[in-house]
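Undergrad: I have a structure here, written as structure tokens, and I will follow up with some questions on it.
The values are calculated or read from the model by the stated rules, or taken from the named source; none is laboratory data. Every value quoted in this text rests on a predicted model; they were computed, and no experiment measured them. FYI the Cβ positions are ideal-geometry reconstructions off the backbone, even for glycines, and counts take in every protein chain you see.
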Amino acid sequence: MPPQGPRSGGGSHRPWAEGGNHGRVPHRGRGPGRRRRQDPDIVTFVLSFVLGGDAARGLRRRSRRAPGSEEQGVRERRIRVLMAKCGLDGHDRGVKVVARALRDAGMEVIYTGLHQTVEQVAAAAIQEDVDVIGLSVLSGAHMTIFPRLLALLRERGAEEILVVGGGTILPEDIQALKAMGVAEVFGPDTPLQDIVGFIRGTVKP
């Protein structure tokens, strides 16, 4: 059984910094013991290729209802978040802590792993039809990485994806990033419940 990650109330953790507790956050890829897709997912996967474009994205969104929502008559779906690390930054304990907190809060979380390019992150976010990209940058390259990501999303018609960031970033750089279009930047001491609350309050499923 994988170790339990911190719950969203753990305000004493430093989620965006190296040194937080780290639970293993599995990738979405098929691995040993991973259950096969259920039939509705297979149908959605096949039809996505047939329909393509916006129609396929809408179909995937409708297929992602919260567990039990059909029985309860609730049409709400789970928020979908892509967590990523770009460049040579090799510290991923903090991003895994945040990913676990978002999962505990009922969100779907995809973690891309270390050393991704900005192009890979943008492509994965669009392919996975996510609502949010959470980018952890501890390398000091935030003023290069975030503008490039935002530009790629605009070029590909995916500017509706919410982009948030985390790391040790100077206040003046945070203001500049927000002016560019980054929704929020969370510092190392941000309580996990604040991150969860911001995403829940900003994303409209």
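Undergrad: Please verify whether region 121-135 includes one or more residues that are in contact with a strand residue (DSSP E or B) (Cβ under 6 Å, 6 or more places away or on another chain), under 19 Å from Val203 (Cβ atoms) and polar (S, T, N, Q).
TA: no
Undergrad: Working only within region 157-180, note down all residues that are touching a residue at least 24 places away in the same chain (Cβ under 8 Å) and touching a strand residue (DSSP E or B) at 6+ places or on another chain (Cβ under 7 Å).
TA: Within region 157-180, Ile161, Leu162, Val163, Val164, Gly165, Gly166, Gly167, Ile169, Leu177 meet the criteria.
Undergrad: If we scan region 122-134, do we find a residue that is out of contact with any Leu (no Cβ under 7 Å at 6 or more places or on another chain), free of Cβ contacts under 8 Å to residues at least 12 places away in the same chain and either surrounded by fewer than 20 Cβ atoms within 10 Å (Cβ to Cβ) or of a type in the set (D, E, K, R) (or both)?
TA: Yes, because at least one residue in region 122-134 is out of contact with any Leu (no Cβ under 7 Å at 6 or more places or on another chain), free of Cβ contacts under 8 Å to residues at least 12 places away in the same chain and either surrounded by fewer than 20 Cβ atoms within 10 Å (Cβ to Cβ) or of a type in the set (D, E, K, R) (or both).
Undergrad: I would also like to ask the following. If you check Ile161 against the conditions, is it within 18 Å of the chain's Cα centre (by Cα), under 14 Å from Ala123 (Cβ atoms) and either buried (at least 16 other Cβ atoms within 10 Å of the Cβ) or not acidic (Asp, Glu) (or both)?
TA: Against the criterion (within 18 Å of the chain's Cα centre (by Cα), under 14 Å from Ala123 (Cβ atoms) and either buried (at least 16 other Cβ atoms within 10 Å of the Cβ) or not acidic (Asp, Glu) (or both)), Ile161 qualifies.
Undergrad: Here is a further query. Please find, within region 85-105, the residue that is farthest from Leu149 (Cα to Cα) out of those that are part of a loop (DSSP other than H, G, I, E, B) and touching a residue at least 40 places away in the same chain (Cβ under 8 Å).
TA: The residue in question is Ala105.
Undergrad: Looking only at residues that are among the hydroxyl-bearing types (Ser, Thr, Tyr) and in contact (Cβ under 8 Å) with a residue 40 or more places away in the chain in region 135-153, which one is surrounded by the fewest Cβ atoms within 10 Å (Cβ to Cβ)?
TA: This residue is Ser139.
Undergrad: Condition check: at negative phi, surrounded by fewer than 16 Cβ atoms within 10 Å (Cβ to Cβ) and modelled with pLDDT of 95 or more. Does Thr190 satisfy that?
TA: The answer is no for Thr190.
Undergrad: For region 106-197, list the strands (runs of 3 or more DSSP E) that sit wholly inside it and hold at least 1 residues that are under 12 Å from Ala84 (Cβ atoms) and either of a type outside the set (Lys, Arg) or out of contact with any Lys or Arg (no Cβ under 9 Å at 6 or more places or on another chain) (or both); which are they?
TA: In region 106-197, the matching strands (runs of 3 or more DSSP E) lie at 108-111, 132-136, 162-166.
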